[in-house]
Every structure is written in structure tokens, then in C-alpha cells.
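The values are calculated or read from the model by the stated rules, or taken from the named source; none is laboratory data. Computed from a prediction, not measured in an experiment: that's the story for all the values here. Cβ placement follows ideal geometry from the backbone for every residue including glycine, while neighbour counts extend to all protein chains displayed. Accessible surface areas use protein heavy atoms only, side chains included; no ligands, DNA or RNA. Shrake-Rupley method; radii C 1.70, N 1.55, O 1.52, S 1.80 Å.
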Amino acid sequence: MVLAATLICVAGAPVLARDLIVFAAASLRGALDEVAALNDTPVAISYGGSGAMARQVAQGAPADVVVLANPQWMVWLQDQGIVAADLPVTLLTNTLVLIGHDGPALHDPDADALLARLGDRRLAIGQRQAVPAGIYARAWLEHIGAWDRLVPHLAEVENVRAALALVARGDAPLGVVYGSDALADPKVTVLWHIPDDQHPPITYPAVALSPEGAQFMDILRSPQAAEIFKQYGFGLP
């Protein structure tokens with residue numbers, strides 16, 4: 001009788017809803033946390049460089065939604081057969097800025113101006129081949145003819161928030177991050193707003209990989225979410 005009663009209790013127990021799992025670019029930290037709070041069920045968010053997030057998903061890491069900071073990595077997921085070509089949507093846009101821990105602004109800086117400000121220290125950027133912010137930073141430096149001279153003076157890190165932290169702590173005098181990142185830390189100053197025509201457009205593709213993820217995508221694209229993203233410095237396509 002005890003066993004039967006136990007079985008009845010287990011069979012009648014409510015099924016607990018699992019956490020929704022989101023893999024997201026590190027630059028979305030803070031804004032996406034607030035948007036996730038709009039969801040009816042808990043959301044577990046894994047943040048990192050877009051390349052690292054994409055590779056983890058391709059290797060089988062469970063994810064309901066993926067939001068990256070560069071379309072190239074979403075195309076890579078499509079090439080791996082993880083994402084259908086017609087599914088991703090452009091969720092957000094962003095800008096690119098040169099930041100410093102202190103010091104006066106730089107107007108239209110070239111290689112000489114950047115090297116003079118760096119001295120014997122380094123420019124913090126995301127990894128040039130994997131982190132979207134690093135890819136955009138390289139494009140800008142190439143556009144102004146400074147890349148070859150700056151390469152020996154780079155501090156390449158695993159995601160854009162790590163580059164932000166290096167400058168905020170004073171470990172690097174300069175860094176290239178997104179405009180939304182610069183708003184996230186009062187210990188950094190924007191020294192130069194990099195013109196949009198000096199690097200590829202910065203867009204955030206997003207895709208749902210499950211029915212639960214599709215429901216969360218509706219929240220990500222809602223007016224309430226749009227207001228939160230704008231407060232954090234993101235643009236809307």
C-alpha cells in the first residue's frame with residue numbers, strides 16, 4: 001500500500017517547466033537580462049564571444065534561442081546545418097567606439113595618434129578572427145590605414161566585455177567596443193565615435209531552435225523589449 005501511494009503521488013506531481021536556454025553575445029549582458037525577466041518562465045542565459053557561442057551550439061549544446069553579434073557566425077551555423085537559411089532575423093544594431101580610461105577625446109585618429117596615446121601599452125579589442133567586435137575593430141583600423149602598425153600593440157581578448165574591462169581597470173589606455181558597452185561602465189570615456197561607413201554594419205541576428213524559443217522570440221521583438229534595448233544603447237533595424 002505504501003508503494004502504491006508513492007506511485008500515485010509521483011504520477012500526480014506537476015511537471016516543472018524547464019528553464020529556457022539562450023546563447024547570446026557578451027555585449028547583450030544587462031539588456032538581455034532585463035528582457036528575459038519579461039518571460040513567464042525562467043531564462044538561463046550563457047554569454048560569450050559570438051564565435052564561442054556558435055561553436056558550442058554546433059557541438060550540441062542545448063539552446064532554445066541564439067543571438068549573435070555578427071551575421072557571419074549565423075551563416076556559419078547555417079552551413080553546419082544547425083539553422084535554416086530562412087529563420088534568422090535581425091534583432092538589433094549597434095555602433096563602434098574608441099574608449100579610454102581617461103584623457104582628452106581624439107578626433108578622427110590615425111595610426112600616429114593612436115600609437116602616441118598608447119605609448120608602450122596596448123589597444124584592447126576582441127579577438128580579430130572570432131569576436132565580432134574585434135572583426136569590426138580590425139575593419140576600422142584597416143580603413144584608416146593603421147592596422148599593420150597597430151597589430152604589435154593589440155591586447156586581443158575573448159569577448160568585447162573583456163576589452164571593456166581592461167580599459168575600465170586602466171590596464172589598457174584604449175579599447176574598441178560597441179557603443180552600448182561604453183554606456184555599461186562609467187569608468188570609461190568615449191574618445192571617438194567611429195563612423196558607420198568605416199566598418200561593416202553591426203547587426204545582431206537571432207534565431208529560435210525550439211518551439212519554446214519561438215515564443216521567446218516574440219518577447220525579444222516586442223515593444224517592451226525594444227524600449228529596454230534602446231535604453232542600453234542598442235539600435236533597432
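Only residues that are free of Cβ contacts under 8 Å to residues at least 24 places away in the same chain and either outside any loop (DSSP other than H, G, I, E, B) or under 16 Å from residue 24 (Cβ atoms) (or both) were counted in segment 190-237, giving 9.
Here's the yes/no breakdown for (1) surrounded by 22 or more Cβ atoms within 10 Å (Cβ to Cβ); (2) among the small types (Gly, Ala, Ser):
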| residue | (1), (2) |
| --- | --- |
| 98 | yes, no |
| 102 | no, no |
| 106 | no, no |
| 110 | no, no |
| 113 | no, yes |
| 116 | no, yes |
| 122 | no, no |
| 126 | yes, yes |
| 132 | yes, no |
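Kindly indicate whether residue 138 is free of Cβ contacts under 8 Å to residues at least 40 places away in the same chain, open to solvent by 20 Å² or more (accessible area, probe 1.4 Å) and touching a Leu at 6+ places or on another chain (Cβ under 8 Å). Judged against the criteria, residue 138 is not a match. For residue 132, state whether it is more than 24 Å from residue 91 (Cβ to Cβ) and of a type outside the set (A, V, I, L, M). No. Of everything in segment 14-70 that is surrounded by fewer than 16 Cβ atoms within 10 Å (Cβ to Cβ), at pLDDT 95 or above and acidic (Asp, Glu), the residue that is farthest from residue 162 (Cα to Cα) is 34. Within segment 192-210, one or more residues are over 22 Å from residue 98 (Cα atoms) and open to solvent by 30 Å² or more (accessible area, probe 1.4 Å).
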